[in-house]
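Taking it in order: structure first as structure tokens, then the write-up.
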Amino acid sequence: MDVLKQEKLNFYMRAYSITAALYTVVNKQLDAGLKPYGLQNMQWRLLYLIYVNEQTTSSDIAKRLGTQKASVTRLVNALESKGLIKRATDSKDRRKINIELTAKGESLTEMGIEKFSQLPEKLALALTE
């Protein structure tokens, strides 16, 4: 292998290692922050997605999270049982079911946004350890 190809390969391997380490640190921080609320990472992502979009459908959620609709149904069922989201029939199209945050879900999401806004500082500390 010539020198240029070897340097390029080394660069990609270093970039991959850094990305993998960052991913691990971010997930550990998120898991630690979500644990007191009994939430998992994907559940938090769903709450945040609904918060940003106010209401959305299971199909839209599946597309945005890059997952299958059956997985979204399980997530929605779990969050609905915790009283964080609710299903509501669309006022313009009764065949469409929107997923919306409850007051409890909105409050929790806002607390999470505040808490996770501190994540960059925590990541910087974790990466220097």
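The values are calculated or read from the model by the stated rules, or taken from the named source; none is laboratory data. This is a predicted model, so every value here is computed, not measured. For neighbour counting, all protein chains shown are included, and Cβ atoms are generated from backbone atoms with ideal geometry for every residue, glycine included.
A few comments on the model shown:
- Some residue of region 26-39 being touching a Leu at 6+ places or on another chain (Cβ under 7 Å), in a loop (DSSP other than H, G, I, E, B) and of a type in the set (S, T, N, Q): no
- Selected residue [without any contact (Cβ under 8 Å) to a residue 40 or more places away in the chain and not hydroxyl-bearing (Ser, Thr, Tyr)] from LYS69, LYS82: LYS69
- Boolean, LEU46 is under 20 Å from PRO120 (Cα atoms), assigned to a helix (DSSP H, G or I) and not charged (D, E, K, R): no
- Across region 31-90, the number of residues qualifying as of a type in the set (Asp, Glu) and closer than 21 Å to PHE116 by Cα comes to 2.
- For region 46-56, a tally of residues being crowded, with 17+ Cβ neighbours inside 10 Å and at pLDDT below 90 returns 1.
- Flag if SER91 is under 20 Å from the mean Cα position of the chain (by Cα), exposed (fewer than 14 other Cβ atoms within 10 Å of the Cβ) and either at pLDDT below 90 or under 18 Å from TRP44 (Cβ atoms) (or both): no
- Scanning region 42-60 for residues that are without any contact (Cβ under 8 Å) to a residue 12 or more places away in the chain and more than 15 Å from ASP90 (Cβ to Cβ) gives a single hit, VAL52.
- Within region 50-84, the residues that satisfy the criterion of being touching a strand residue (DSSP E or B) at 6+ places or on another chain (Cβ under 7 Å), part of a helix (DSSP H, G or I) and under 14 Å from GLU106 (Cα atoms) are ILE50, TYR51, LEU79, GLU80.
- Any hit, region 36-52, residues being closer than 30 Å to ARG87 by Cβ and β-branched (Val, Ile, Thr): yes
- Filter result (surrounded by fewer than 11 Cβ atoms within 10 Å (Cβ to Cβ) and either over 22 Å from LEU119 (Cβ atoms) or more than 21 Å from the chain's Cα centre (by Cα) (or both)) within region 8-24: ASN10, PHE11, TYR12, MET13, ARG14, ALA15, TYR16, SER17
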